[in-house]
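Right, one structure below, let's go through it.
None of the figures in this text is laboratory data; all of them are computed from the coordinates on show. Fair warning: this is a prediction, and the values are worked out from it, not measured in the lab. Neighbour counts are summed over all protein chains in view; Cβ atoms, including those assigned to glycine, are modelled from backbone coordinates with ideal geometry.
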Amino acid sequence: MRTRVAIALLLSLALATAGCGGEDGSPSSEAAPSTSTSPSEEPSSSSAPEPQVDEATGPRLKVPEAAIRMPDQDWIVQIRDGGSQSGATYGSQTGYISISSFPVLSSPDLDEYADLTLEAFRDRQGFDVGPGEDLEVGGVEGRTFVGTSERGPYFVFLAIVGTTEASTVEVEVETSGSVKAHQRAVDSVLASLEWR
């Protein structure tokens, strides 16, 4: 009996180490054969599921380099000088969303441009704006700025696109109401972002 238990332990240990990788610690490219006859079980995940992003179903805003959708049909499109487009909503939750593009007149380095833009935002806005998380949206790397205006939470996504004639694209979202509702608006707008 002890011999069978020892063999079973050694076999289990051999199968476990065979699945962990090669002798050099790199992952093994060969899968260990399964000796189980019972149906396979789904692995349990201890991580939280990805949050559901609300689909942006509102009007479309566009500049030559990109386009976004407003979160829903309550948003009204407004065309601004210089070809930028924005939208606003008035109701239980007021807000402002815009997409703008400008030629890059200084360094096309994203970090340098983000620093310059952040300084300009701080001078232009009547509230504190700071750096947020770096994001990649639709395969394009960008920088974010966050703050809180008199209206409520404020968010900007900034990216540089194009190689011969680089342009910046700014997506700005400002809403009243809860931080959670604001984040839903930001997430849905960014999920709708299409590079052209």
Report, by chain and number, residues whose modeled amide H sits under 5 Å from the one on residue 104, excluding near sequence neighbours (fewer than 5 apart, same chain). 166, 167, 168
With r as the distance between the Cβ atoms of residue 196 and residue 57 and R0 = 35 Å, compute the FRET efficiency 1/(1 + (r/R0)^6) and round to 0.05. 0.95
If you average 1/r over every pair of different alpha-carbon atoms in the range 60-195 and take one over that average, what Kirkwood value in Å do you get? 15.0 Å
For a quick check: sort 151, 143 by the number of other beta carbons within 10 angstrom, fewest at the front. 151, 143
Along the range 117-127, what does the Karplus equation 6.51 cos²θ - 1.76 cosθ + 1.60 (θ = phi - 60°) give for ³J(HN,Hα), rounded to whole Hz, x for Gly and Pro? 5, 4, 4, 5, 4, 4, 6, 7, 7, x, 8
If packing is taken as the average count of other Cβ atoms within 10 Å, what order do 112-125, 166-179 fall into, highest mean first? 166-179, 112-125
Residue span residue 134 to residue 148: 0.36 nm per residue of separation minus Cα-Cα distance leaves a gain in nm of 3.2 nm
For the residue pair residue 77 and residue 165, what label-to-label distance in nm results when each label sits 7 Å from Cα along the Cα-to-beta-carbon direction? 2.3 nm
Starting at the first residue of the range 171-184, write each ³J(HN,Hα) from the Karplus equation 6.51 cos²θ - 1.76 cosθ + 1.60 with θ = phi - 60°, in whole Hz, x for Gly and Pro. 10, 10, 10, 9, 9, 9, x, 6, 5, 5, 5, 4, 5, 4
